Amino acid sequence: MTSVALVVVAAYVALLVLYSHGVAAGPLLVEKPLSKDGTSVTLEVNEVQSNNTVLAANLTVIPGPGLLDPVTHSLKENLSVAVTSVAKPTNLTWQKGMFPGVVPVPLTLAGNIERWPFDSYKTGPLTVELFVGAAQTPERATVTFLDRLPGWRVQAVASKRGDLLPTYRVKLHRSPSTLAFARSEERRVGKEC
C-alpha cells in the first residue's frame, strides 16, 4: 500500500514539474538599443488558431516621450506601425491627439500538424516598422516579444545581420507537459476502441 502511495505522489510531482515548465513565460526577446525617440513595440504571442496556420498576437505600442504632448499625454503627430508577416501585413495608424492601444495582429505560421504531438511551427520573417508624422521613412522600434501561450515553447529570434530594420522569426513547439498528456490521452483512447 505504501509503494502505491509513493508512486502516486511521484507521478503527481512529475506532472507538476512538467506543467511548470510548460506554463507561458515572460519576455522572449527584448531588443536593445531603444528606438531614437524611445518608442517601444510589444508583441504578445497568445494563441495558435485552430487551423494551425495563424499565430495570434496582441500588438502594444508605447510612444516615446518626444511623441507625447506633455499636457494631454496624447500624440503630438500621427504614428503608424506596419507589422509584416509572410502573407498578412497589418498597418495601423493613430492620429494626432490619440493614444495607441492594444491591437490583435495575425502572424502567418507554417508547420506540420501530422507530427502531433511533436509538431512544431514557425513564422516567416516578420518586420516591425514605425512611421512618425508625414514621414514615409520607416524607423526602427524597440521590439519585445512576450510568451502568453500555455502548452507551447515559444522562441523569438532577431536577424543577426545588423540591418537598420531587422527581421524576426517566432518558433514554437509543444511543451513537455503537453507531450505527456497527449501520450496518456492516446493510450486512453486506444483502450476504449
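The values are calculated or read from the model by the stated rules, or taken from the named source; none is laboratory data. If you're wondering where the values come from, they're calculated on a predicted model, not measured in any experiment. Positions of Cβ are generated from backbone atoms using ideal geometry, with glycine treated the same way; all protein chains shown enter the neighbour counts.
Is it true that N46 is touching a residue at least 60 places away in the same chain (Cβ under 8 Å) and in a loop (DSSP other than H, G, I, E, B)? The answer is no for N46. Which of the residues spanning the stretch 94-125 are without any contact (Cβ under 8 Å) to a residue 60 or more places away in the chain and either in contact with a helix residue (DSSP H, G or I) (Cβ under 9 Å, 6 or more places away or on another chain) or assigned to a strand (DSSP E or B) (or both)? Residues satisfying the conditions are W94, V102, V103, P104, P106, T108, A110, G111, S120, K122. From the list P89, P63, the lone residue that is out of contact with any Asp or Glu (no Cβ under 6 Å at 6 or more places or on another chain), within 24 Å of R148 (Cα to Cα) and surrounded by 18 or more Cβ atoms within 10 Å (Cβ to Cβ) is P63.
Residues in the stretch 142-180 that are in a loop (DSSP other than H, G, I, E, B), modelled with pLDDT under 85, on the phi < 0 side of the Ramachandran plot and under 15 Å from the mean Cα position of the chain (by Cα): L149, P150.
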